[in-house]
Structure formats: structure tokens, C-alpha cells
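Beneath this line is the structure, given in C-alpha cells, with notes to follow.
The values are calculated or read from the model by the stated rules, or taken from the named source; none is laboratory data. It should be emphasised that the depicted structure is a prediction, and the values quoted were computed from it without experimental measurement. All Cβ positions, even for glycine, are placed from backbone atoms using ideal geometry, and neighbour counts span all protein chains on display.
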Amino acid sequence: MTPRKAEPSAESGGDPAGEPRVELAGIVKRFGDVVANDAADLRLATGEIHALVGENGAGKSTLMSVLYGLIAPDEGEIRVAGKPVRFRSPVEAVEAGMGMVHQAFRLFPSMTVAENVVYRAETRGTAGLLDRRAAVRAVQDLSERYGLRVDPRARIRNLSVGVLQRVEILKALHRDAQVLILDEPTAVLTPQETRLLFDVLRGLRDSGRTVVIVTHKLGEVLELSDNVTVLRDGRTVARLVTAETTGAEIARHMTGRAVDLDGHYVPGTPAAAVLTVEGLTVGPPTGRPVVDDVSLTVRAGEIVGIAGVAGNGQLELLEAIAGLRPSRSGSVRVGGTGLHGFSAGRRREAGIAYIPEDRAATGSAVAASVADNLAVGFHRRSPLRRGWRLDRSAVRDHARRIIEHFDIKVSTPAVAAGTLSGGNLQKLVVGREMAHDAPVLLVDQPTRGVDIGAIENIHGRLRAYRDAGHAVLLASAELSELMALADRVLVMFGGRVVADLDRADATEENVGLAMAGIPASTGAPGTGS
Amino acid sequence: MNVLTELVDLSLIPSILRALTPVLLAALGGAICAKAGVFNVGLEGFMLVGAFAAVAGSWFTGSAWVGVLAAVLAGAGMAALLAIASVKYGGDEIIVGIALNLLAVGLTAFLLRTVFGRQGTFTEPTLQGLPTIAGQTPLTYLAWLLVPVLAVFLRRHVWGFRLQGVGEAPEAARSLGVDTVKYRYGAVLASGVLCGLAGAQLSLGNVVLFSQNMTAGRGWVAVVAVLLAQAAPFGVLLAALLFATAEALGFRLQGVGLPSQLASATPYVLTLIALIVASVRARRVLGRAPGEVPSEDRPPVENPAASTHVSRE
């Protein structure tokens, strides 16, 4: 299989004018009783950036999987350049000019960029030997043409997420993808990397390709796309021209109701310091620490945000404070109490509650019932504990209270937590931890992968928790989340706190630069405010 | 000094080479599997069945080469069981491999009694062994030749390149349309063929007889060689050479009065030491990894919460 040469010209698709390059019409897909797509339509034109938006469970991923040949639809038709087609596998979809960049990259870590790009589309030399030089040249050509800066000889395992994404795009371009689908492409990028990506995508559009971004970030939709298709409950509910619409209108189509988009920031009223961390260092006994000499203070009635690209020590910092990970040195105090040597359980008694990043692996026991999950942490003391046994009816009452108060959608507390949707499972974890009413709440990525409705709900709860006089330490990779909640923003990079910004200084530019490891004072003068 | 000259002289080389061939052939088979992402611990059993089939084939046809062919087919047959059970039906390859090793011991002992009516050992003066060229069987030359061939195949050939991708990130290979099952079948069958050759070398080359459990752990030594060399062909050669030298020296030590039990334990003691060294090294590499690669440069850890929501959509 030799790669076809990429066509740079806008006419490459050869579509008759007015006819969409790719059309998905009346797609229906059921998984058991669940209808993932219910007459979903999508029309993609040559040379456009098309945003496919919708809440979680709206059927975006299913629809894209249909287009990419991963899922066969139960009903409906795919037309490419007007002709009905049927993709039995991604390979057939690729041959028809589709390309997909998944959220979780599919790369070979020990191989080079060039090797990854040409895998199964190699140029062969004599006797079927792999022509690595041709592979390097192919990558250089493509990366020059589309501004995808990457070293073809670099090993994948040494590259940053932003570069890995470029490699995935190169893979698709090497196979001459005319329609490039990107699933939540900015979820793991810094603002700077996002901007770079957008430039690349615009370049691809201008060369006549079709770019589809699947997202629920409205800011990106408005900034980047030409057209928008909105899915709700598996149906296409709106097709909009981006220039003629607003974020509020798109959100209304997504949720079917009016939404408070900005979740506008309301300042808190900080009082005395509650959580004090000094010189905390976490990591293996030798080698580079993952959390490096971090000091911070969170006051009562204050939300302190921690910004940073995932993997810069935020998770480890919060785990160390919560007592789930040993620290090498440094101290953690709650109120006046030093927590040195305290187990996670004793730290909870001292007043720490923790909403972990991963609600399914750490935050809950997915095989256990909702009631049991809500009881955890309360089970050692009355009223749930009665002497040496658990009071089952008290456990149920306790669960019902939290379910009602936090509006968790569940048929009965007896069902397994794993059957809940992502947003509801998150509400379960948030609800349980807030029910402790602990003076310190540690929160890690509270709204990752949950939809707009649940985000609104959880943000409101966090503000209310703060306003009840608690200290909240919030780590989030979403700048918009920090902007909506945080009274102060710390930025972590390489395990260190590299910036401590007051609300007023925490502009997207400042935070973004710090996230990329560039000190605000020296980076990009003249930009920002 | 006297003992040393008695132990080490030029005549040691042929005995090292003889001891090397079976281990090297089996280990190369194991290396192919490892590259394809299959940890094959069935080498011992494949080899034992191959050794038996070689003797049976040679005895009933009077041709050692038919014996080699029979060994290859028998090794491939055993490998096919592993491939079907673990590659196709997703059984645990370690458990299946161990089961096949146990099967091989029982099966060959059983066949030894039913086919040859013997217990323990079968040999006859008329049983044809492999011819030798300059004191070594053709299989020895083949084994050495396979080392560079395999190295080039894995590093330079398109199929070898794809095979390594299959082993490293099967999901990624599949997403690009590579049939990972086919590649793994091929790798496992190739290891069966090579183990069959290894068995034939044991029973028609090094000696001309079959005795119960005559592989005596050489397949496990091959597994260790694969681990030590991280499946690189030339590394496998070095590791196998180490064990072969130990085995040959062990024989010599018996000659100078070391108790035979101790002497024949030498290669296995060496194996144990090598394993410990390898695991310590592996742990050190793992422990250092976060320090070497800055955390921000690591590929993203897949976010299970996000991926469950994707699959649910």
C-alpha cells in the first residue's frame, strides 16, 4: 500500500458545486435499548471547518464512529460525493478519504515519528525492506506544507502531547485524508498549543480539506468553525452558520433550554487561613520530585485554583495533602493541626475532604451500590454505624438525602454506581464529599467529561460550599472553569508552583504562558492585558 | 593452573557450539513471539515434542531429515494449540504455555511407551542421527545464520516493522488496519518451527536418542535469554552463548571431580543469577523513568473517565 500523494489544491475533492462532500443522512444506531443516534444528519462541504457539538450522550461519538467505519449504522446512509457508500472497517473509510484523530492517541511509543506516520502505508525498497528515508522525507514534506512542526526522527515517547497530536494529524494526511475528524482535540493542550493547532486546521481548510471538530467547548466552536451541527438525544437539532449565531444559541440547542454560559464569577470573602502547605515535596527517594517544594495557603471562604497541563504534579499534590501518597518533606496543616504522619483516614477526621480526578477508579467503587458508595467515609461513626455493625436503613436514608440534595439521577440507591452516567457519578462523588462538611475540600478536575448541565450544577455547589465558609483547593485543566470559580490562581509546571496570580492578573494569556513553563515577566511582551 | 588448562582449551568450543544450538533456536523463536507481544513460555514443551518427533520420524523412515521435518511439524502443532487458545480465544498465554509444557512431558512419555515400548530412553544403533559438517550439524549453522537474518527482518523488513508495532501497541496497529491476530499466529507458529528444529538438534544432533524430559529446562533457559536480551536477536545469541558455555564447562567440571549434580546445576544457577540481575535492572529503569522523561513530556495517561463516556455515547 503506497500512499497517494496529497493534493494541495482546493479542487481536489472534485465535488459538483453545492453538493456536500460527505453526507450522513438519517443515521440510526441502537445499542440494546439505548438509542445513540436517532435520525442524525450531517453535511460536510469541501473546504470548511465543521463543529459537531452536543452534550455527553448526545451521540457525537457514535455518529463519528459511523463515519469512520467503526460502527455500522442500523439505518441511514453515508454518501461521499453523492454516491452511497458503506464502510465495513476504518480501513475502508480511510480509503474513501476519512481521517480520524482520537482523543486517546494510538501511537507506538518506541518508534520514531516517521515510523508512526508511515505504519502500514510504507514505501518499500528492495525485497520488501522498509524505506526509512522515504518515510522521513514524506513527514518533512507534509510538515512543511501544513506548518505541523515536528522532528521526523524523534521517538514518540519523548514528545509532548501537542506534538503527538500533530503526529496523529500527519498520519491521516499521509493517507491523504480529505475529511479530518478530531475528537475533543484541545482537551489536553495548553492555550498556546491550541492556537497552533487552530492555525494548522485553518491551513488544512484553505487547502480544500474538510475538518470536523467534535467538542463541547463553545468558545472554540465560535473561534474556529465555519458551520455548526448540534446533536441532542441522538438527533440533529440545529445546523448553524457560525458567523450568524451566538454561544448562547448553540448552548440552547444543545441543552434544549437557556443556559447561564459564563457561570459568572462571584468573588468570595476570604477569612483566616485554614489549609497551609509548606515546602511539600513528593516523589521517589532519588530522582526528580513530581511535586517540588510547593507552599500554598487556602483561606476559609476562598477557592484557590491550580492551573496546569495534566501531569505537572497537580494530582500528586492533592493526593499528598489527602494522605494518599507519601511526601518526601514539607508540612501540611489544617487549622492549627499539623498532619505529619497522618493516614488518609486521620486526615479526613482532621477536616479534609477530597474529590479525586478519576471518579470511576478512585472516587467510587463502581461495582458497589450507590448507597454503599455514599456511605463510605461515614460508616465508622453514628448514625450509620451502630456498635459493631452497619445500620442498613440509616445507610439508605443517608444515601437518599444526598441523592435528593444533589439531584443525582438514579432509580434506586441499590443499583451499582458503575451504571450511572459520567455526570451523575461525578455528582455522587461531589455530593458525598461535600456531605462531610469538612473545612477543607480538595477538588481535582470536577467537571472533566461531564456535560453543560452537570457543569453548571457542580460549579454552583462549589461556590455555595465556599460561601458556607470552607476552604476549597481546585485543580483544573480547564481555564474557563478556573475563571468561573477561582478567587486566586496558582499555576503548576514540572511539579512547581510557577505563578501565583490574583484574580485580576489571572488572564488567559498569563495563565497559559505559565502553564507552558514560560515566566509571565519574560514571555510574550505586549500580549495579554 | 593445571585445572584451568584442563578445563579451558580449544576443544571446549565444539561442545559449547553443540550446547548452544538448541537454546539459540528456541530463544530466537521466543524472541519473535516477544516482538509480537506474546510471552511464550511453551518453548520447553515445543522442544520436547520436537525431540520426540525427530527420533520417531528418523526411526520409522530411516532418514534423519524426515525426522527433522517431523520435529518441525510437531513443534508447529504444539504452537498452533498455543495460538488458538491464547491468540484466538484470549486465554492467558502463561497458563496455556505452562499447560502445554506439562502436556509435552506426559505425551512424550506416553508415546515412548506405546510407540517404542520403552520406558525412560529409546535408542538403537541403527537410529539415524544428523550428518555433521566440520563436527557440527547443519542445524547449528542454520541457527547462527538465523541471527543476522532475523535482526534484519525485524529492523528493516516491512513485515518485521509491522510485527513490532503489533507487539508494542496492538490497538494502534489494529486502527491502521493491521490484522494483529494474523501476525501473532505467524510469530507463534514460527517459534514452534524453531523449537522443533531445536528438539531435532537435541535428539538427533547432540546425541542420537530420546529420553524422557530430555530438554531438561533448556526451553526455560531460552525464555530467560529472551528476557535478558529484550528479544533482540544478537542479544539473544549472547545470552544463549553464556548458558551454553556454562553447560559445557559444567561437563568439564565433572571431569575434574566436581560432583555431577553440582556441575549440571551450573547453567541453572547462572540462569537464576541472570534473572535476578535482569529484574533489578528492569526495576531501576522503571524507577528512573519519571526522572528521565519530564512529566509534561510524557504521553497522556488515558483518562478512564473520559474514555468511558466516549464509549457510552
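Beta carbons closer than 8 Å, at least 6 apart along the sequence or on distinct chains, pair a first residue in the range A:220-239 that is without any contact (Cβ under 8 Å) to a residue 40 or more places away in the chain and over 13 Å from A:Ala39 (Cβ atoms) with a second that is of a type outside the set (A, V, I, L, M) and in a helix (DSSP H, G or I) for A:Leu222/A:Thr242; A:Leu222/A:Gly247; A:Glu223/A:Phe198; A:Ala238/A:His253.
If we scan the range A:190-213, do we find a residue that is surrounded by 21 or more Cβ atoms within 10 Å (Cβ to Cβ), within 9 Å of chain B (Cβ to nearest Cβ) and in contact with a Leu (Cβ under 7 Å, 6 or more places away or on another chain)? Taking every residue of the range A:190-213 in turn, none turns out to be surrounded by 21 or more Cβ atoms within 10 Å (Cβ to Cβ), within 9 Å of chain B (Cβ to nearest Cβ) and in contact with a Leu (Cβ under 7 Å, 6 or more places away or on another chain).
For the range B:78-130, the set of residues classified as over 19 Å from the mean Cα position of the chain (by Cα) and of a type in the set (D, E, K, R) consists of B:Lys88, B:Arg113, B:Arg118, B:Glu124, listed by residue number.
Among the candidates A:Thr186, A:Thr112, the residue that is within 14 Å of chain B (Cβ to nearest Cβ) and at pLDDT 95 or above is uniquely A:Thr112. Here the range B:140-186 is the region considered, the condition is being within 9 Å of chain A (Cβ to nearest Cβ) and among the basic types (Lys, Arg), and the residue that is farthest from A:Ala135 (Cα to Cα) is B:Arg174.
Is it the case that A:Leu107 is touching a residue at least 12 places away in the same chain (Cβ under 8 Å) and assigned to a helix (DSSP H, G or I)? Give the steps one after another, and end with the answer.
Values: touching a residue at least 12 places away in the same chain (Cβ under 8 Å): yes; assigned to a helix (DSSP H, G or I): no.
No: the conditions fail for A:Leu107.
The strands (runs of 3 or more DSSP E) falling completely within the range A:15-89 that include 3 or more residues that are in contact with an Asp or Glu (Cβ under 6 Å, 6 or more places away or on another chain) map to A:22-31. For A:Gly469, the conditions (1) at negative phi; (2) away from chain B (no Cβ under 14 Å) are fulfilled apart from (1).
One line per residue, one yes/no per condition, for (1) within 14 Å of chain B (Cβ to nearest Cβ); (2) surrounded by fewer than 24 Cβ atoms within 10 Å (Cβ to Cβ); (3) part of a helix (DSSP H, G or I):
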site	(1), (2), (3)
A:Ala414	no, yes, no
A:Gly423	yes, no, yes
A:Val443	no, no, no
A:Ser480	no, yes, yes
A:Met483	no, yes, yes
A:Val489	no, no, no
A:Leu501	no, yes, no
A:Glu509	no, yes, yes
A:Gly517	yes, yes, no
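Please specify each residue of the range B:42-63 satisfying the condition of being surrounded by fewer than 24 Cβ atoms within 10 Å (Cβ to Cβ) and touching a residue at least 12 places away in the same chain (Cβ under 8 Å).
Initial filter on the range B:42-63 (surrounded by fewer than 24 Cβ atoms within 10 Å (Cβ to Cβ)): B:56, B:59-63.
Listed by number, the residues that qualify are B:Ala56, B:Trp59, B:Gly62, B:Ser63.
Do we find a residue being modelled with pLDDT under 95, more than 15 Å from A:Ala51 (Cα to Cα) and more than 14 Å from chain B (Cβ to nearest Cβ) anywhere in the range A:238-252? Looking through the range A:238-252, at least one residue is modelled with pLDDT under 95, more than 15 Å from A:Ala51 (Cα to Cα) and more than 14 Å from chain B (Cβ to nearest Cβ). Of the residues A:Gly287, A:Gly301, which single one is within 13 Å of chain B (Cβ to nearest Cβ), over 25 Å from A:Glu508 (Cβ atoms), in contact with a Gly (Cβ under 6 Å, 6 or more places away or on another chain) and small (Gly, Ala, Ser)? Of the residues listed, the single one that is within 13 Å of chain B (Cβ to nearest Cβ), over 25 Å from A:Glu508 (Cβ atoms), in contact with a Gly (Cβ under 6 Å, 6 or more places away or on another chain) and small (Gly, Ala, Ser) is A:Gly287. Residue-level analysis places A:Ser329 outside the set of residues that are loosely packed, with under 15 Cβ neighbours inside 10 Å, modelled with pLDDT of 95 or more, in contact with a strand residue (DSSP E or B) (Cβ under 7 Å, 6 or more places away or on another chain) and over 18 Å from A:Arg432 (Cα atoms).
One line per residue, one yes/no per condition, for (1) farther than 19 Å from A:Gly431 by Cβ; (2) modelled with pLDDT of 90 or more:
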site	(1), (2)
A:Ala310	yes, no
A:Ala322	no, yes
A:Ser343	yes, yes
A:Glu349	yes, yes
A:Ile355	no, yes
A:Ala361	no, no
A:Arg392	yes, yes
A:Asp397	no, yes
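Take A:Arg106 and tell me if it is under 15 Å from A:Ile169 (Cα atoms) and at the interface with chain B (Cβ under 9 Å from one of its Cβ atoms). Yes, satisfied.
Among the residues here, B:Ala34 qualifies as in a helix (DSSP H, G or I), out of contact with any Ser or Thr (no Cβ under 8 Å at 6 or more places or on another chain) and either within 15 Å of B:Gly77 (Cα to Cα) or hydrophobic (A, V, I, L, M, F, W, C) (or both). Of everything in the range A:343-370, what is closer than 16 Å to A:Ala435 by Cβ and over 28 Å from the mean Cα position of the chain (by Cα)? Give them in sequence order. If the condition is that a residue be closer than 16 Å to A:Ala435 by Cβ and over 28 Å from the mean Cα position of the chain (by Cα), then A:Arg348, A:Glu349, A:Gly351 are the ones that fit.
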